[in-house]
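Everything on this sheet refers to the single structure shown next.
The values are calculated or read from the model by the stated rules, or taken from the named source; none is laboratory data. These numbers were taken from a predicted model, which means no experiment stands behind them. Quick reminder, even Gly has a Cβ in these numbers, built from the backbone with ideal geometry, and neighbours come from all protein chains shown.
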Amino acid sequence: MKKLVPYIALVLILVVAVAMLMRRQEHVFDQRITFSVTDEAPYACNAIYRLLPKIYPGATVFTNSQSPVHWQVLSKDSANQVLLIVNDDFHPSDEELLALLTFAKKGNTVIISAAGMNEKARTFFSLETGSLGGAFALSVSLDSNVVKPAYDYTYRGVPHGSVITAYDTTYGYPLGYFRSPIARSTNLLGVHANKGNILLHTTPITFTNFFTLYRNNHTYVENILRLAPGKVNKVVWDEYFLYKSDNDAKKSSGILSVLWRYSSLRRAAILVSALLLLYMLTAVKRKQRMIPAYARPVNESLEFVKTVSTLYFEKGDHHNLAEKLTLYFLDYVRNRYKISTQHINAEFAGNLALKAGVDETITTAIVDSIHLIQLHGSISSEQLMAYHALLEKFYQKA
């Protein structure tokens, strides 16, 4: 017992160390930027999503996971609706951009907050974007025409996003700015859309829990959302473009990068790899008995036919034996080639020759022999032997 004490102590120390390590990892700051409305992580959007009923009193709130081309929760012919698109990358197709514009023109508001846009979106909205220029902090404000007095909103998180460096003043007008120590750049742009409007926002990090719950920063996002004119009847938080962008990123980065991105999956991957390595090292020493070779299965039906034929031949009942051979032959054809044996004629002979891969002269001769057996009450031993030889020739070639 005394010899086991050091080993027991070592196991207890290892267990305590693993528990402390896992507890320490649980308190690590979650730096994942998910923009998810169901996640309460710092860089998710659960807080602002829960504020939507307060910002839009009386409006119904939905989430959408469908392309603008196939909307079900949004009505393309109704007004006073708000669509919120918040994600890291906005990568729409030409058809989806046209659907968003058509939706806005009906008297609805589309708010797109994304750090990056694909070339199709930039061309469609006639703008250019750039980086934050190595900023160490995020400081944003709204135009004095939106909120008076203009106020700078900051927080202690990562300065994630981009700025609008150029836009067509014919269609767009600035509504908000990103302020750096050097200059002020546009980060919120309004786009005219007939009866409605489209708001382009390039710092989506301001919609996350970390930003909105810091001091009074929630008023920044609330003021942006209240830019929707009139009484809002329906608010839809879009998840289609969020997961579309996320899936594109996963395809480009690969499965290993996804596993390594999350600590729990990373530990699981390491554990599985270690177990596989251990199995391979121990399996090398294992010996497996040789698998015996099995003989090729014989056609037992034909063997049975031969046995029965021998018995009838010895009794001298040639006609009865010929009928038995015919019955077994027709049963073999039905089961093997799935051919109907209701009518034994020239067509049957042709189909059988084609499926069995034998000369049609053989099948035609067999059909003629069957007719001969059916017409006569008795046959000679020579006729039986000839019929048997025909069948054997067919079985060998089929």
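All conditions but one from (1) surrounded by 14 or more Cβ atoms within 10 Å (Cβ to Cβ); (2) polar (S, T, N, Q); (3) over 23 Å from F211 (Cα atoms) apply to T123; the one that does not is (1). Tell me yes or no: at least one residue of the stretch 168-185 is surrounded by fewer than 17 Cβ atoms within 10 Å (Cβ to Cβ), over 20 Å from F35 (Cβ atoms) and of a type in the set (D, E). Looking through the stretch 168-185, at least one residue is surrounded by fewer than 17 Cβ atoms within 10 Å (Cβ to Cβ), over 20 Å from F35 (Cβ atoms) and of a type in the set (D, E). Filtering Y155, Y173 for residues that are assigned by TED's automatic domain parsing to the domain that holds D238 and under 19 Å from C45 (Cβ atoms) leaves a single hit, Y155.
Summed over the stretch 345-397, residues that are without any contact (Cβ under 8 Å) to a residue 60 or more places away in the chain and part of a loop (DSSP other than H, G, I, E, B) total 6. For the stretch 71-89, the criterion of being closer than 19 Å to N197 by Cα and acidic (D, E) is met by at least one residue.
Taken together, the criteria exclude V140 from residues that are closer than 29 Å to W71 by Cα and either in a strand (DSSP E or B) or over 32 Å from the mean Cα position of the chain (by Cα) (or both). Candidates are the residues of the stretch 167-186 that are in a strand (DSSP E or B) and charged (D, E, K, R); the one that is nearest to T123 (Cα to Cα) is R184. The residues on offer are I205, I198, I164, and the sole one that is under 38 Å from the mean Cα position of the chain (by Cα), closer than 24 Å to R226 by Cβ, assigned by TED's automatic domain parsing to the domain that holds V86 and outside any strand (DSSP E or B) is I205. The single residue among T34, T38, T63 that is modelled with pLDDT of 95 or more and either over 23 Å from L188 (Cβ atoms) or touching a strand residue (DSSP E or B) at 6+ places or on another chain (Cβ under 7 Å) (or both) turns out to be T63. Starting from residues that are touching a residue at least 40 places away in the same chain (Cβ under 8 Å) and in a loop (DSSP other than H, G, I, E, B), keep the ones in the stretch 152-161 and report whichever is surrounded by the most Cβ atoms within 10 Å (Cβ to Cβ). Here the residue is G161.
For the stretch 118-146, a residue qualifies if it is more than 24 Å from N217 (Cβ to Cβ) and touching a helix residue (DSSP H, G or I) at 6+ places or on another chain (Cβ under 8 Å), and the qualifying residues are K120, A121, F124, E128. All told, F136 falls short of being assigned by TED's automatic domain parsing to the domain that holds H70 and either touching a residue at least 60 places away in the same chain (Cβ under 8 Å) or touching a Ser or Thr at 6+ places or on another chain (Cβ under 6 Å) (or both).
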